[in-house]
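Notes for the one structure printed next.
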Amino acid sequence: MFKLITGRRWVERSVRAKKQEREYDIEEDKLSGLPDEVLLSILSLLSLKEAARTSVLARRWRRVWTFIPILNFDASPALLALKERWRMVGSFDNKMLAVERDKYVDWVNLALEAYQGSSIDELRVRFDLDEIHSYDIDKWVYFAIEKKVKRLVMKFQKCMAYVYNEKVYSFPPLRDTFKTLHYCRSLIALELNCVNISGGVVEYFIASCPYLRQLSVKYSDSLADLKVSGESLCLEYLKIVRCNKLKSIYISAENLLSFVYSGPTIKISFANVPNLVELSFDRIYALRYLPQASNFAAQLVTLELKVLMPEVSILNYVFLVFVPLDFF
């Protein structure tokens with residue numbers, strides 16, 4: 001009698017377990033049966049590493065992540081972890097940084113090799129890299145251009161601000177890059193940080209990318225003279241920061257809405273900026289640009305002057321001056 005009841009209970013439990021398993025399979029099939037566009041939208045909400053891990057869920061998911069249109073390789077958390085580790089030991093470990101750099105480069109290379117989409121909306125790379133990794137970074141640039149990237153972000157700032165490195169990565173020269181730039185007509189945003197790029201290359205990007213709306217260049221020692229002009233420019237936002245060898249900027253952009261400049265005193269000429277409403281200058285000589293801004297002051301909504309006053313005290317004070325329209 002005891003064995004019979006036990007066996008019956010075992011059978012009942014087995015039936016319940018199989019029923020639950022079938023229900024789980026049905027739910028899994030429902031999710032896996034969604035259209036590719038929906039699955040890609042879901043995975044786009046995850047980090048790239050998390051999206052790649054979904055390949056083990058089921059056969060249907062194995063390659064879905066390789067079609068995600070946003071490729072975000074921002075490794076800021078890893079950089080913060082390195083800083084904290086060095087802070088605890090009290091010294092900068094160059095060997096440890098070299099190991100982390102190799103891991104990062106391998107990660108990006110493997111992901112791009114696995115990618116199967118025909119185009120990408122965004123490629124974002126952010127880590128402490130320099131010209132030693134030029135071969136790999138050049139491949140990433142060509143990959144982005146050939147995949148008709150819409151937003152290209154490359155940030156290679158140093159992990160430790162006080163560690164100066166002259167070996168900054170240089171953007172591929174004209175002869176290597178522009179034979180593929182006809183793929184890049186879809187580019188709408190270009191953001192470069194700690195990337196040496198010449199004025200000629202920037203100007204060629206502006207001329208070859210008719211839909212380019214945002215351009216930001218920071219910490220480039222190759223930028224000497226920059227001319228932003230063209231009758232059909234869509235450029236709306238322009239930011240130039242700490243390009244220490246820059247001598248002049250000429251701007252004639254009918255659709256330009258915002259211009260931000262931070263760096264040494266240079267010659268800045270505005271020729272045709274009828275829609276410019278936001279203007280920002282940084283550093284101690286910011287006030288010197290006021291006479292140029294007076295030519296179109298009536299149309300400005302915001303004029304921001306960040307004036308550094310190191311002589312006030314040991315600490316630097318930053319004064320944000322928002323100039324009203326009737327100032328002039």
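The values are calculated or read from the model by the stated rules, or taken from the named source; none is laboratory data. Since we're looking at a predicted model, the values are computed, not measured. So basically every Cβ, Gly included, is an ideal-geometry build from the backbone, and we count neighbours across all protein chains shown. Each accessible area value is taken on the protein alone, full model and side chains, heavy atoms only, with ligands, DNA and RNA left out. Shrake-Rupley method; radii C 1.70, N 1.55, O 1.52, S 1.80 Å.
Quick rundown of the values:
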read-out	value
Exposure rank, largest accessible area first [Glu236, Glu50; 1.4 Å]	Glu50, Glu236
Accessible-area composition of region 193-268, carbon plus sulfur, in percent [1.4 Å probe]	45
³J(HN,Hα) computed for each position of region 295-306 - Karplus, 6.51 cos²θ - 1.76 cosθ + 1.60, integer Hz, glycine/proline x	5, 9, 4, 5, 8, 6, 9, 9, 10, 10, 10, 9
Calculated FRET efficiency for the pair Lys247/Leu290, C-beta based, R₀ 25 Å, to 0.05	0.80
Computed lengthening from Ile42 to Phe67, 0.36 nm per intervening residue step minus Cα-Cα distance	7.8 nm
Total formal charge among the other residues, if their Cβ is under 13 angstrom from that of Leu223, Lys/Arg +1 and Asp/Glu -1	+3
Accessible carbon and sulfur surface of region 84-163 relative to its total accessible area, %, 1.4 Å	51
³J(HN,Hα), Karplus 6.51/-1.76/1.60, whole Hz, each residue of region 40-49, x for Gly, Pro	5, 5, 5, 5, 5, 7, 9, 5, 4, 5
Built amide H within the under 5 Å cut-off of Ser229, gap 5+	Ser252
Potential lengthening between Thr265 and Tyr237 on full extension [0.36 nm per residue; Cα-Cα distance subtracted]	8.0 nm
Average accessible area per residue (Å²) across region 108-163 - probe 1.4 Å, nucleic acids and ligands excluded	42
Extension reserve of the Ala224-Arg87 stretch, reckoned as 0.36 nm per residue once the Cα distance is removed	45.7 nm
